[in-house]
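Values quoted throughout were computed directly from the atomic coordinates according to the rules given, and no laboratory measurement underlies them. Not measured: the values here are computed from a predicted model. Counting neighbours? That spans all protein chains shown, and the Cβs are built from the backbone with ideal geometry, glycine included.
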Amino acid sequence: MLTGCASAPPPTPPAPIALIGTLDLSKPGVDFLITDAPETLRCSAHSVSGKIPEAVSLPLTCENGQAGTLSLTKAPALRGIVAFDNGTTGDVTFTIPAAALQPPPPVATAAPGYPSTVSRTYSRSHYSTGYVRPHYRSGGYVRPHLRNGHYVSGHYRRGSYVRGHYRRR
């Protein structure tokens, strides 16, 4: 009855798509922008924290309506893996902005036995005049609390603009 049985090997999954990732540090938190080489696929993810943990998974949304998950690892270098909802995967290579890679400037120290040649002058700043220039204050997480006798649950707030003012002494 059965003349022969043959089993076929399971199909191999398609190779991961090569993706290019960039970081946007200009706003509170970190924006991850992901594109393919011809830039036909554009996706983004956002981390509320300004720091990137050693490993994190973030929801990813694309301009063409696709969605997925971006999994990041920092060690030994920042790299990512994208798993789209349709089963496609991608490897992300990040280009990190030069500002994020530059080490902080060295701290000036005096040679032993010699006076320091570094002098700080704080003219025309709030250190001498008490005036604080207008600026933006970054937002963040607000813990649950009572306000005017009513409970307010924890929430995230946006940054706010602070007008120029004189600091109390």
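I'd like the FRET efficiency for CYS62 and ALA8, computed as 1/(1 + (r/R0)^6) with the beta carbon distance as r and R0 of 30 Å, rounded to 0.05. It would help to have the intermediate numbers written out before the result.
Values: r = 34 Å, r/R0 = 1.12.
For R0 = 30 Å, the calculated efficiency reads 0.35.
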Trypsin sites (Lys or Arg not before Pro) lying in DSSP loop within the range 2-85, provided at most 15 other Cβ fall within 10 Å: LYS51, LYS74
